Structures are given as structure tokens and as C-alpha cells.
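J.: The following block contains the structure, expressed as C-alpha cells.
Nothing in this text is a laboratory measurement; each read-out follows from the coordinates by a stated rule. In this text, all values refer to a predicted model and were calculated from it rather than measured experimentally. We place every Cβ from the backbone using ideal geometry, glycine too, and count neighbours over all the protein chains shown.
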């Protein structure tokens, strides 16, 4: 299992109106948070997946933190449909400025 300090940088990929924030380790995406951009330009987080190898490393919250920073930079509002993302937003007041 990777320790928190060993996590690689978060990578942001986009294709059309969809995107993902991922942790890629050895050529494999071991954690990802996917989103879609709606017609009103809001960002809908629809899935978060973390491989067993990264469980307990804070990988999911780090992906959300990267998405929040990107949303701030791009002046986007976020709609967390994914239960994990919704839960972290509820527990993290410093992220709530980007909530739609």
C-alpha cells in the first residue's frame, strides 16, 4: 500500500464535456474522480473510485481538493452527485464556496 507522501501528482484529463482527476501509478489509474460539464457550465461530479492499494491514503479527498482548486480557477460551480464527493463537501467548509 502506498503511504500518503508517496502519492503521485494529480493529473487532470478532459475530453469534450467530460473530465477526470486521477492518480496514475505505474501507468494505471488507481484513483479517479470523474465529472461532466452541464449546459450552464456547472461541473457535475458523477463518480469517485479508489483502488484498494490507495485506500486510507486520502487519495479521494486529494482528488476533490484538486477539482475544487480547478473549479475556483475556472469560475465553475460544482454539483456533487457522487456520494463520496457529496459527503466530503458536507464535512469540508473550505470547499463549499464552489458548491452550486
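J.: Any idea what diffusion coefficient segment 12-67 gets from Stokes-Einstein, in µm²/s, Kirkwood Rh on alpha carbon pairs, 20 °C, 1.002 mPa s?
T.: D, rounded to a whole number, is 184 µm²/s.
J.: Another one. For Rg and Dmax of the Cα atoms in Å, the choices are [x] 17.6, 54; [y] 13.5, 39; [z] 12.9, 40; which was calculated from the structure?
T.: [z]
J.: How tilted is helix 59-74 with respect to the longest principal axis of the chain? Cα atoms for both, answer in degrees (0 to 90, nearest 10).
T.: 30 degrees
J.: Rank the residues 48, 92, 73 as a footprinting-exposure proxy: fewest other Cβ atoms within 10 Å of their Cβ go first.
T.: Lowest count first: 73, 92, 48.
J.: Relative contact order of the chain, please, whole-number percent, based on alpha carbon pairs below 8 angstrom and at least 6 residues apart.
T.: Reported as a whole number, the value is 23 percent.
J.: For the chain, what does the helix formula give at 222 nm: sum of -39500 (n - 2.57) over DSSP H segments with n ≥ 4, over the residue count, nearest 500 deg cm²/dmol?
T.: Per the formula, -8000 deg cm²/dmol.
J.: Report the residue, chosen from 66, 39, 20, that carries the largest GNM mean-square fluctuation when the chain is represented by alpha-carbon nodes joined by springs under 10 Å.
T.: 39
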